Amino acid sequence: MQSVRVLARRLVSRTSNGNSTLTSTARLSTKSGSREEKLLAKDPALSKYQSTKTAVQRIQLFGAVYEIAYKVQQRNAAEAQDVKQNIESQNIVEQR
């Protein structure tokens, strides 16, 4: 739906006069058919798989913790690489 709106805006902006038939995005929307209505209807068999607010919050918290842990791991790896390079450069200087 978002891409339809963007396309409509582009078409409207390209017309030479502003009185185009595509001036309103509401004219582009169509009513859902019977098949779409059936697909969007609630299915009682899927009710046990519905997300709850607390489950969503837990997943978001886990994602945030995972992201922080990943960034810390990357930072530690970069610091270890820097330390290794410093030690190697000091060894080269001492050998001269």
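A straight Cα-to-Cα reach below 30 Å connects Lys84 with the lysines Lys71, residues fewer than 8 places away in its own chain not being considered. Need one word for region 50-96: rounded, prolate or oblate. Basis is the Cα gyration tensor (sqrt eigenvalues a ≥ b ≥ c); a/c below 1.5 gives rounded, then a/b vs b/c decides. Taking the square roots of the gyration eigenvalues as a ≥ b ≥ c, region 50-96 is prolate.
Readers should treat all values here as calculations from the given coordinates under stated rules, not as data from a laboratory. Source: prediction; values computed, not measured.
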